[in-house]
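Please read the structure below before turning to the comments.
The values are calculated or read from the model by the stated rules, or taken from the named source; none is laboratory data. Just so you know, these numbers come straight off a predicted model, no measurement behind them. With ideal geometry, Cβ positions are generated from the backbone for all residues, glycine too; neighbour counts draw on all protein chains shown.
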Amino acid sequence: MAVARNPDLDRIYLQTIAAQQADRWKALFQQYDLHSQGQLTLATLRDLMADPELWGTVDSHMLEVLEMKCITNMPQVLSYQEFINIMSNRRNPSFRLAVESQDKATILSVSNCVCQRDTQHSSSCFDIMVRKIARKYLTDDFDRQYYEDQYTCCPPPLFIPVITFVEVGFFIYHCLEMGRITLNGPVPVNSVFIYHPDRRIEVWRFILYMFIHAGWIHLFFNMLIQILVGLPLEMVHGSCRIATVYMAGILAGSLGTSIFDMHAYLVGASGGVYALLASHLANILLNYSHMQLGIVKLAAVLIIASADVGFAIWDRYSKKTPVPPISYTAHLMGALAGLTIGLVVLKNFEQKLHEQYLWWIALTFYLGWLVFAILWNIFYN
């Protein structure tokens, strides 16, 4: 008769192995940390790479990551914690959920068997795309290499494509219904989905306004950002996390409009789009020294966002004929949501104490704003 294994004993056994490995890596690190500063320079890292003890005990994936550290020269030093993370195969949980959900039989962190693909880069279009996304949207060399090795796009990113197709479908329907299409119209002000300042009691309007757009320029910009920024972010962080950031921006946009632009209508997914843009911008700023072409990416995001907000403001105040005002507040509130809830959902705050404080500050700020805005709409007439 078979006896069931005790999962607690298995866990203790694995923890013991992990601790023994960490002790071995610590001794090796201290051997090359000549000044006991808790970090290795690139020169000493290269010396460590040539150590026969290292080559005989690690797999090719770990060596690849260490080689990448030497090649990129960013940063100039490797901290003890970074070294231990590499040697013990620890992952950033922000994208680990997206990657490891592809295969439930994920690799144990103490097994030292990470590479399931050939170590040579494939030249297929899919692998080239995955490598480019890893380089642009991940900041750590180890995380990039792990993502390239493990991501299979199964299940595929669905949230951004589905949302985009639905928005296009709504726009086509309203164009056919109203019999015209213009640069900034038609705006179906009588739609049951549009945010209407006098119908705030119909709570679904605070969310579903995202499917209505004010003209093909408005729709095209949102589609462009969703595909070029939102889709890669979804591939890295997973559908649930990106959906959370996106919908947080949508809700912040309508609630902000109800307070700061009380007599305006609201259409479009700009709140969600700017939440994605702002969260990506925050990632660039917080990891500027690790990002490839960081200044170019930062400038591109700021130019695109400024042009869109400028067009929205011009469209609001340049019309000579009396038309229902369309709010642009959602752009700003969505960006604020991305800078707060985006940091909470997409960033990894495991190691540094001040970053843990930032995590809680961002979460508290967004939830506090959300509660205030809801109470405002309930009690303010």
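Here are some conditions: (1) in contact with a helix residue (DSSP H, G or I) (Cβ under 8 Å, 6 or more places away or on another chain); (2) assigned to a loop (DSSP other than H, G, I, E, B); (3) of a type in the set (D, E). D198 meets all but one. Which one does it not meet?
Of everything listed in (1) in contact with a helix residue (DSSP H, G or I) (Cβ under 8 Å, 6 or more places away or on another chain); (2) assigned to a loop (DSSP other than H, G, I, E, B); (3) of a type in the set (D, E), D198 misses just condition (1).
Return the residues of the range 160-185 that are part of a loop (DSSP other than H, G, I, E, B) and free of Cβ contacts under 8 Å to residues at least 24 places away in the same chain; say none if nothing qualifies.
G179, R180
Of the residues F171, F142, F165, which single one is modelled with pLDDT of 85 or more and surrounded by 12 or more Cβ atoms within 10 Å (Cβ to Cβ)? Give the derivation first.
Values: F142 fails: modelled with pLDDT of 85 or more; F165 fails: surrounded by 12 or more Cβ atoms within 10 Å (Cβ to Cβ).
F171 is the lone residue from the list that is modelled with pLDDT of 85 or more and surrounded by 12 or more Cβ atoms within 10 Å (Cβ to Cβ).
Within the range 18-64, how many residues are at pLDDT 75 or above, among the hydrophobic types (A, V, I, L, M, F, W, C) and part of a helix (DSSP H, G or I)?
Matching residues across the range 18-64 total 8.
Being of a type in the set (F, W, Y) and surrounded by fewer than 19 Cβ atoms within 10 Å (Cβ to Cβ) is the requirement here; does F260 meet it?
Against the criterion (of a type in the set (F, W, Y) and surrounded by fewer than 19 Cβ atoms within 10 Å (Cβ to Cβ)), F260 qualifies.
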